[in-house]
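Data block below; observations after.
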Amino acid sequence: MKDFIRKNGIKVGVIVLAVIVLIGFGSVARNGQVGAGHNALGIVKAPIQKAVSSAVNWLNSIYGYLYNYDSLLAENESLRSQLADAQESAREGIAASEENRRLRELLNLREKHRDYVLESSKVVLWSSTNWSSAFTISKGSSSGIELGDPVITEYGVLVGQVTELGSSWATVSTLIDVNMSVGAFVGHQEASGMVVGDYALMKNKNAKVSYLADNAQIYVGDEVLTSGSGTSFPAGLVIGTLTNVQTEAGGQIEFGILKPAIDYSDLVQVFIIKEFDVVE
């Protein structure tokens, strides 16, 4: 329609004006006002002028729309581009702010644990299935990472452990993976036990606190920390909290259900502990 009016606008305008003139004369004739030429001209002049003025205004509006259409499109595209640039700048600002926050927390962690030798790495791929919970990081043996190295957040929260290793990549199994086991202390009484993965709990992103010491007392809400037993994990890393405690018929505690302190869906960057002091 736009192209048609551009090509034939003048012709259409002339035809419209001619039709208006004919209608004006016909209307006057029907009203019996055509007599002498002078009187007819005076009577016809006003309605024709009004009709012509309306037609001109209409044509101007059509041409104004047609000729402004392209400029409006260009302006709209420019605004879209400016909005995209602003959104990109906002995303970069948020990312920079988040990176600064992680670095501040990491600095605090280094101050508290001067024995830690840390390597930062990005999470590049999740490989969670019904049978495992793991992800791939962007660094490997060429960065000094070894199998069994603990993996934490900038807050000192335990994420998991390196279980596969390449020169420039590594696989980290999370706490809820069925093949994971971590020595732990539970609650203020520091009841000793093990955090282990469990098929039934993994789908809800939980793990089990089991192998508790005899007469151990644990409660819902208890914080669970690494015990440092063995040489795989340093002591005092936050693991999570108990959300449920299962007991046997006789009242003996069977196991606790642990919710990890980290939301795995939020993981972007992790820190691998390459070295730490082992507490004897």
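The values are calculated or read from the model by the stated rules, or taken from the named source; none is laboratory data. This is a predicted model, so every value here is computed, not measured. Positions of Cβ are backbone-derived with ideal geometry, glycine not excepted, and every protein chain shown enters the neighbour counts.
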Can you find a residue in segment 111-125 that is without any contact (Cβ under 8 Å) to a residue 12 or more places away in the chain, surrounded by fewer than 20 Cβ atoms within 10 Å (Cβ to Cβ), part of a strand (DSSP E or B) and assigned by TED's automatic domain parsing to the domain that holds Asp266?
yes
Just give me the residues in segment 236-265 being closer than 18 Å to Asp177 by Cβ and either touching a His at 6+ places or on another chain (Cβ under 9 Å) or outside any strand (DSSP E or B) (or both), in sequence order.
Leu237, Ala261, Ile262, Asp263, Tyr264, Ser265
Output yes when any residue across segment 138-148 is assigned by TED's automatic domain parsing to the domain that holds Leu258, closer than 25 Å to Glu254 by Cβ and buried (at least 18 other Cβ atoms within 10 Å of the Cβ), and no when none is.
no
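Residue-wise test of (1) among the basic types (Lys, Arg); (2) touching a Gly at 6+ places or on another chain (Cβ under 7 Å); (3) at pLDDT 95 or above.
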{"site": "Ile137", "(1), (2), (3)": "no, no, yes"}
{"site": "Ser142", "(1), (2), (3)": "no, no, yes"}
{"site": "His188", "(1), (2), (3)": "no, no, no"}
{"site": "Asp214", "(1), (2), (3)": "no, no, no"}
{"site": "Gly230", "(1), (2), (3)": "no, yes, no"}
{"site": "Ile239", "(1), (2), (3)": "no, no, yes"}
Of the residues that sit in segment 187-235 and are in a helix (DSSP H, G or I) and among the aliphatic types (A, V, I, L, M), which one is surrounded by the fewest Cβ atoms within 10 Å (Cβ to Cβ)?
Ala200
Is segment 153-169 home to any residue that is over 15 Å from Leu237 (Cα atoms) and touching a residue at least 60 places away in the same chain (Cβ under 8 Å)?
yes
